[in-house]
Amino acid sequence: MKPTDVLVIGAGPAGLAAATAASRNGCRVAVLDDNPAAGGQIWRADITRPHHEDPTRGAAIAAFHTSGAALLPGRRIVDAPSPSTLLAEAGGHFETYRWDRLILATGARERFLPFPGWTLPGVFGAGGLQALVKGGYPVAGKRIVVAGTGPLLLAVAAHLRQYGASIVTIVEQASTLQMLPFAASLLRSPGKLLQGAGYRKTLGMTPYQTGCWPISAQGDETLRSVTLTNGRRTWTVECDLLACGFHLVPNTELAQLLGCTLQSSFVQVNSQQHTSVANIYCAGEPTGIAGVDAAQVQGEIAGLAAADCNPLPARLLARRAREAAFGRRLTHAFRLRPEVLKLASQETIVCRCEDVTFSQLKTRSNWTDAKLHTRCGMGPCQGRICGSATEALFGWQPTSVRAPLFPIPVAAFCDEISSLNAPSAR
Ligand SMILES: Cc1cc2nc3c(=O)[nH]c(=O)nc-3n(C[C@H](O)[C@H](O)[C@H](O)COP(=O)(O)OP(=O)(O)OC[C@H]3O[C@@H](n4cnc5c(N)ncnc54)[C@H](O)[C@@H]3O)c2cc1C
């Protein structure tokens, strides 16, 4: 690869803003991302509607491309074999990247909570289904229940509606009372208020039931219905798909592998977005779940700081503080009610890679004990799904992070071995 001053991991809103800022300030910048295109989760390219451009996405990606930073898509960082070196897996072979300054912008993923039937075909993560639809998965005419918690539910429901799905209902586990202060505070953020109003307009008369949650999903080979409750009564609705997620959890594995300190499960950063490790910065959701505006402003600050631009503009610092306050209100409004942590029955699978049930886990004392005795978290997702579930259910903290961070195809090792055996390598 070409020499770089700043290497950015993640081409979502935070990573793009970081790379743009660093590049505009004279650094040679490269951005690596495991997706085939820039955009991250919210701005994931929609192959079915390539001309339907979100103006904020368009502006951010255009600014990135004109900044001179290089995008290296389709590359997943799997290891940090030595200080200042990262190992990426790209299409069945390995690549090594050296960095002087590193910006981690690895985003977040959905939190799943197990309940009877959650592993049935037809039950998706809410954001996961949205991503599939952007990739061409057809939902026109499908009856979909959207459930769980967080503002993502509305965004996903509106998106699915635009693709012709019939949204049976949206069920939000937080109560109206719990969400009221958050909703009222949106009056101070006209942009976010308008976004929410836009979703409501798209959804028309679709019911949005607060203080409700799914307790089971039924079906044989595929989903047929979902049983919902508001704590006082339960009812069952027929549907083809269930899109269900309980807010987001940060992707901190790479930061942990690099030795960055976490604080309350998030990467700890200072006012410059600098982590506890020299020359490593972090921006966006790994530092706190606060939405796209927070990700962008943190990214810009991290990029400027990595480019040694001091002092940082006061308007950016003020914007970051406002967005951080929004994030705190968001977390508080959509905090999990105790009932959703008790949905799993004895037979409910918690670790779906290794088929580990709730009853097998409940006698274990911590994450390591569970891994050793049940193989929980040792399948291909490497604990990304069951880890946050067991943290919510049992309060277990994952103890360590080990490379490779993601499963690696055997082809990459074969490719490596054959390049070592090639005559030029001897
Ligand atoms: C599934 C999902 C769907 C969402 N949909 C919406 C929505 O519709 N509307 C909305 O307002 N908000 C949505 N959000 C929330 C939104 O993503 C955040 O608010 C914000 O935009 C996050 O920006 P970011 O740059 O921090 O992270 P992201 O946008 O998540 O970008 C992080 C990028 O880093 C990449 N990455 C992570 N680890 C590695 C690695 N080891 N190697 C290489 N690449 C890596 C990821 O693949 C990703 O492309 C969604 C979140 C999720 C998880």
For a test of the definition: using alpha carbon positions, the gyration tensor, and the 1.5 limit on a/c, classify the range 344-394 as rounded, prolate or oblate. rounded
Nearest 5 percent is fine: what portion of the DSSP beta bridges confined to the chain is antiparallel? 50 percent
Show which lysines lie in cross-link reach of LYS362 when reach means a straight Cα distance below 19 angstrom and same-chain residues fewer than eight apart are skipped. LYS342, LYS371
Using only Cα atoms, find the angle between the long axis of helix 55-67 and the longest principal axis of the chain, and express it within 0 to 90 degrees, rounded to the nearest 10. 10 degrees
Taking R0 as 22 Å and r as the Cβ-Cβ distance between ARG322 and GLN268, the FRET efficiency 1/(1 + (r/R0)^6), rounded to the nearest 0.05, comes to 0.60
Cα long-axis angle, helix 176-185 against the chain (0 to 90 degrees, to the nearest 10): 40 degrees
Cα gyration tensor category, rounded, prolate or oblate, for the range 112-246 with a/c compared to 1.5: oblate
Considering the range 208-301, what Rg and Dmax in Å follow from its alpha-carbon atoms? 19.8, 55
Expressed in angstrom and rounded, the centroid-to-centroid distance over alpha carbons for the range 264-332 and the range 94-115 is 16 Å
Using Cβ counts within 10 Å as a stand-in for footprinting exposure, how do CYS244, CYS212 rank, fewest first? CYS212, CYS244
Once R0 is set to 25 Å, what does the formula 1/(1 + (r/R0)^6) return for the Cβ-Cβ distance between SER418 and LEU372, expressed as a FRET efficiency to the nearest 0.05? 0.10
Order by neighbour count: CYS309, CYS376, fewest other Cβ atoms within 10 Å first, most last. CYS309, CYS376
Directionally averaged shadow of the chain, computed from the convex hull of its alpha-carbon atoms, nm²: 21.8 nm²
The range 227-248 and the range 47-79 have their Cα centres apart by a whole-number Å value of 35 Å
Between ARG315 and THR96, what is 0.36 nm times their sequence separation minus the Cα-Cα distance? Round to one decimal in nm. 75.1 nm
Within the range 39-188, what percent of beta bridges assigned by DSSP are antiparallel, to the nearest 5? 60 percent
If you consider only alpha-carbon coordinates, what radius of gyration and Dmax does the range 63-156 have, in Å? 18.6, 52
Under 14 Å from the Cα of LYS192 - aspartates and glutamates, other chains or at least 8 residues apart: ASP293, GLU323
When N is the residue count of the range 1-111, what does its C-alpha Rg come to as a fraction of 2.2 N^0.38 Å? 1.05
Which value in Å does the Kirkwood hydrodynamic radius of the range 305-426 take, with 1/r averaged over all unlike C-alpha pairs and then inverted? 18.7 Å
q = 0.32 Å⁻¹: log10 I(q)/I(0) that the Debye formula gives for the range 369-420, counting C-alpha atoms only: -1.30
How much of the DSSP beta bridge set in the range 112-246 is antiparallel, as a percent to the nearest 5? 40 percent
Ranked by Cβ crowding within 10 angstrom, fewest neighbours first, how are MET205, MET179 ordered? MET205, MET179
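FYI, it's all coordinate maths here, none of it is from the lab. Keep in mind that this is a model prediction, so the values were computed, not measured. Every residue, glycine among them, receives a Cβ derived from its backbone with ideal geometry; neighbour counts consider all protein chains shown.
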